[in-house]
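S.K.: Have a look at the structure that comes next, please.
The values are calculated or read from the model by the stated rules, or taken from the named source; none is laboratory data. Source: prediction; values computed, not measured. Don't worry about glycine lacking a Cβ; one is built from the backbone with ideal geometry, like all the others, and counts go over all protein chains shown. These area figures cover heavy atoms from the full protein model, side chains too; ligands, DNA and RNA do not enter into them. Shrake-Rupley method; radii C 1.70, N 1.55, O 1.52, S 1.80 Å.
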Amino acid sequence: MRLIDILTTASTNMLRSKLRTSLTIIAIFVGALTLTLTNGIGAGISSYVDRQLGNLGANDVLIVQVADQNTGISSDAPKAYDPNRKTTTSGAGFSRAVLTQADITKIAAQPGVIKVQPEQSVSPDYIAGPNGSKYQVTVSQNIGAAHLDLAAGNNINDASTQNQIIIPVSYVSSLGFADAGAAVGKPVTLAVTDAFGLTTLHTGTIVGVQQKGLIGGGGVIINTSFNNELYNAQTVGLPIATKQQYAYALAYFDPAATTSQVDAIKAGLKSDGFTAQTVQDTIGVFKSVISGIIGVLDAFGIIALLAASFGIVNTLLMSVQERTKEIGLMKAMGMNSRRVFMLFSLEAVMIGFWGSLIGVVVAEIIGHLADSIVSKGLLSGLPGLQLLAFPAANVAKVMLLIMGIAFLAGTLPAWRAARQNPIDALRYE
Amino acid sequence: MTITTDSAKVKAMAATTNIIASERVTKTYGKGENRFTALDNVSFKVKAGESVAIIGKSGSGKSTLMHLLALMDKPTSGTIMIEGNDAGQLSGSKLDKLRNQTFGFVFQQFFLNGNASVLENVILPLKIAGVGSRARKQRGMEVLRDVELEDKAKNKANDLSGGQKQRAVIARALVNDPQIIFADEPTGNLDSATGKKVEDILFKLNQEKGITLIIVTHDEDLAKRCSRRIQIKDGKLVGDKR
């Protein structure tokens, strides 16, 4: 029997008991719908998170801190006092070790580290735009070539000697700009106060406006040159030893470095008494929580499919029962067992195909509807979020998975059909 | 039609070849105390072009014999020879091919797919053989013409009368141009008038195309029309009349 004949025969057989077949297809459809939706949510959120992570910083940077067992939860014994180790006091009274100029030199000497940039933390008093109103602001230094999610303008050029600044979209109207686009290229003023209590004003040019996001953002981002200017103004009057204390430093490495090369740098820094993390490491927990949730949702889809696969087994077993004589006749006429097996397993695959196709199509329709409703209502605070994404590869994977499950479900009935003895089948009443 | 050349060829062959032969065939079912001998040491030879009736009471073993001859089952001992070759030596796929190309089957219960068209039913053996769609349709119409059913080709098999159904079954048996047609009580489900018509078609095929007929029946009249009657009783061959 030709393959095309097996295919057409399988599809006519599938339609022979229309009600039974459609009920089985509905069961498959429910599983396919669930799986496609959970996958769609997974893909949608993942791509959103990836864009958000881009806001946090580049891939070629390690955030280096002093390895300090006294911070965080640690089972280790307290560390002995080291007169050479400087500490700083942070908000709630926790003290943690800071990096000194000697540490910075040590980090820079680490093989694989191209450049070290100590974090010079600046805390401006206010930011003021063209309308003169003053607003509180937090400043973060641009971490490497961060992939910011921008509403207007461009990324910061860290090599530039000009003072560059990126403001969050929430500051646009407060500072007196008509819209994000209008703010780009305009000057803004940051005020810092030094150790003597003297306030100085510093002007930078807005190069971009950052989209509101889940993580990162909220404050302004400035380039190294601007940061240095503010830091120097803020630390006037401080002793040099205090001035050269940093909470962390950024160690740059080759962007083309492999994971194992990055791990080697991390290990080297660790043996020198530092902890080093990439931006991805720091938000790894966040990502694993999301993938955990998606995993649970997927499990529901798989459970639905498992239930549906028993539907396929049942449907096909009944078909085999009904068609005993027909199978016997075909075998008597010289149809070999392998073809009989193919005929029935293809019928199962077809049921899987139609169920999954309908499921995928309906899931996409639901996805688009849900996106347009949710982005206007419930989740309007998360601009740029596409709740459900359906990359073709994911959809194809879901369909192949379901057809695979259908095939497996079909093997038992197909095997039963294939081993029919023509004599018994033709005698069967 | 090329009946004359066909029958000339068959007659030449008939003089020399046994198309099918049973050599000391025994078939038993079960084991130990439950052992039951359905066929006991049955031997006979059939020449091409013969029409053979296998007669006997129900349970005599005549159906078992037909299944063995049609290679749907294997004998416990003894051999079935097809054109002088031991069928027991054939592999599964060769056996399937032999059945597909050499044999035609006519059953008492028809075994037609009621929801498919008559033509679809008739071309099933060709579909199994892997013949292309156009060629098998053409051949299907040819054999339907032979049994005078060409006007019913597109009808559903369920809509046919009993006699028409059996003619469709004969067309299906004919479609692969077989050398032997096995018929299991071909007139068993028909009234005598339609039964007669079906018999006429079978014997016409036997005479004009030289197709060997092996008919299992307990209908005396049908058996008498055959050129040879093999009688089976309690699994043993008890009579072979020409």
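S.K.: Heavy atoms only, probe 1.4 Å: what % of the accessible area of chain B goes to carbon and sulfur, would you let me know?
M.R.: Carbon-and-sulfur percentage of accessible area, whole number: 47.
S.K.: Taking the Cα centre as origin and putting +1 on Lys and Arg beta-carbons and -1 on Asp and Glu beta-carbons, what dipole magnitude results for the range A:120-245, to the nearest 20 debye?
M.R.: Here the range A:120-245 has a charge dipole of around 80 debye.
S.K.: Can I ask one more? Please list the non-local residues whose amide H lies under 5 Å from the amide H of B:R228, H modeled 1.01 Å from N, same-chain partners needing a gap of 5 or more.
M.R.: For B:R228, the qualifying residues are B:S51, B:A53.
S.K.: Let me ask something else about it. What residue among A:S319, A:A348, A:I63 has its Cα farthest toward the positive end of the dipole of chain A, where the charges are +1 on Lys, Arg and -1 on Asp, Glu, each on the Cβ?
M.R.: Working it through, the farthest residue towards the positive pole turns out to be A:S319.
S.K.: What residue among B:K165, B:K209, B:K197 has the largest mean-square fluctuation in a Gaussian network model of chain B, using Cα springs under 10 Å?
M.R.: The residue that fluctuates most here is B:K197.
S.K.: Now a separate question. Taking trypsin sites (Lys or Arg not before Pro) that fall in a DSSP loop and have at most 13 other Cβ atoms within 10 Å as cut points, what is the longest piece of chain A between them?
M.R.: No qualifying site falls inside A:80-418, the longest such stretch.
S.K.: Peptide B:122-128: average number of partner chain Cβ atoms within 10 Å per residue?
M.R.: That works out to 5 on average.
S.K.: Read phi for every residue in the range B:51-68 and hand back ³J(HN,Hα) as whole Hz from Karplus 6.51 cos²θ - 1.76 cosθ + 1.60, θ = phi - 60°, with x for Gly and Pro.
M.R.: Result, rounded to whole Hz: 10, 10, 9, 9, 10, x, 6, 5, x, 6, x, 5, 5, 4, 4, 5, 4, 5.
S.K.: Give, ordered by residue number, each residue of the range A:296-343 whose 1.4 Å probe accessible area is reduced by a minimum of 10 Å² on adding the remaining protein chains to the chain alone.
M.R.: Going by heavy-atom accessible area, the residues of the range A:296-343 that drop by at least 10 Å² are A:K325, A:E326, A:L329, A:M330, A:K331, A:A332, A:M333, A:G334, A:M335, A:N336.
S.K.: Taking a probe of 1.4 Å and counting only protein heavy atoms, give the total accessible area buried between chains B and A in Å², rounded to the nearest 100.
M.R.: In total, chains B and A hide about 1900 Å² from solvent.
S.K.: Now for a different question. Could you pull out every one of the aspartates and glutamates with an alpha carbon less than 14 Å from that of A:K397, ignoring same-chain neighbours closer than 8 positions?
M.R.: A:D298
S.K.: Could I ask something else about it? I'd like the carbon and sulfur percentage of the solvent accessible area for the range A:120-245, probe radius 1.4 Å, heavy atoms only, ligands and nucleic acids excluded.
M.R.: On the range A:120-245, the fraction of accessible area on carbon and sulfur atoms equals 51 percent.
S.K.: Considering the dipole of the range B:3-234 built from charges on the beta carbon (Lys and Arg +1, Asp and Glu -1) around the Cα centre, which of B:V52, B:L126, B:I181 is farthest to its positive end?
M.R.: B:L126
S.K.: Given only helices, namely DSSP H runs of n ≥ 4 each adding -39500 (n - 2.57), what is the per-residue ellipticity at 222 nm of chain A, to the nearest 500 deg cm²/dmol?
M.R.: -17000 deg cm²/dmol, from helical runs alone.
S.K.: Please give the per residue volume of the convex hull enclosing the alpha carbon atoms of chain A, rounded to a whole number of Å³.
M.R.: 208 Å³
S.K.: I'd like the carbon and sulfur percentage of the solvent accessible area for the range A:271-415, probe radius 1.4 Å, heavy atoms only, ligands and nucleic acids excluded.
M.R.: Carbon-and-sulfur percentage of accessible area, whole number: 74.
S.K.: Here's another thing I want to ask about it. With springs only between Cα atoms under 10 Å apart, run a GNM on chain A and tell me which of A:G292, A:G268, A:G42 wobbles the most.
M.R.: For chain A, modelled as a Gaussian network with Cα springs under 10 Å, the answer is A:G292.
S.K.: Put +1 on the Cβ of every Lys and Arg and -1 on every Asp and Glu Cβ in the range A:124-262; which of A:Y252, A:P239, A:A182 then has its Cα farthest towards the positive end of the dipole?
M.R.: So the residue we want is A:A182.
S.K.: Calculate, for the protein assembly as shown, the solvent-accessible area per residue in square angstrom, rolling a 1.4 angstrom probe over the heavy atoms of the protein chains.
M.R.: Each residue of the protein assembly as shown exposes 48 Å² on average to a 1.4 Å probe.
S.K.: Do you know which residues of the range B:87-110 lose at least 30 square angstrom of accessible area in the protein assembly compared with their chain on its own, with a 1.4 angstrom probe?
M.R.: By number: B:D96, B:R99, B:F105, B:F107, B:Q109.
S.K.: Still on this structure: So how strong a dipole does the range B:10-84 carry about its Cα centre when Lys and Arg Cβ are +1 and Asp and Glu Cβ are -1, to the nearest 20 debye?
M.R.: Magnitude of the dipole: close to 80 debye.
S.K.: Something else: Sort B:198-205, B:76-83 by packing, meaning the average of other beta carbons within 10 Å per residue, with the highest value first.
M.R.: Ranked by mean Cβ neighbours within 10 Å, highest first: B:198-205, B:76-83.
S.K.: For the range A:120-245, report the convex hull volume of the alpha-carbon atoms normalised per residue, in Å³, without decimals.
M.R.: Taking the convex hull of the Cα positions in the range A:120-245, it is 99 Å³ per residue.
S.K.: Which residue, A:G44, A:G334, A:G410, tops the fluctuation ranking in a GNM of chain A built on C-alpha contacts under 10 Å?
M.R.: Sorting by GNM fluctuation, first place goes to A:G334.
S.K.: Follow-up question, since we're still on this one. Roughly how big is the protein assembly as shown's charge dipole about its Cα centre, with Cβ charges of +1 (Lys, Arg) and -1 (Asp, Glu), in debye to the nearest 20?
M.R.: Computed about the Cα centre, the dipole is about 3160 debye.
S.K.: Could you derive backbone 3J(HN,Hα) for the range A:114-121 from the dihedral phi with the Karplus parameters 6.51, -1.76 and 1.60 (θ = phi - 60°), listing whole Hz in sequence and x where the residue is Gly or Pro?
M.R.: Taking θ as phi minus 60°, the curve returns 7, 8, 10, 10, x, 7, 9, 6 Hz for the range A:114-121.
S.K.: Using amide H atoms built in the peptide plane, which far-off residues or other-chain residues are under 5 Å from B:A38 H to H?
M.R.: B:K27, B:T28, B:Y29
S.K.: Compute the long axis of helix B:133-146 from its Cα atoms, compare it with the longest principal axis of the Cα atoms of chain B, and write down the angle in degrees, 0 to 90, nearest 10.
M.R.: Around 80 degrees separate the two axes.
S.K.: Okay, moving on. Return the long-range amide H neighbours of A:A67 (sequence gap of 5 or more, or a different chain), with a cut-off of under 5 Å between placed amide H atoms.
M.R.: Result for A:A67 returns A:F274, A:T275.
S.K.: Using the Karplus curve 6.51 cos²θ - 1.76 cosθ + 1.60 with θ = phi - 60°, work out ³J(HN,Hα) for each residue of the range A:300-311 in order, rounded to whole Hz, and write x for Gly and Pro.
M.R.: 3J(HN,Hα) across the range A:300-311, in whole Hz: 4, x, 5, 4, 4, 5, 4, 4, 5, 5, 5, x.
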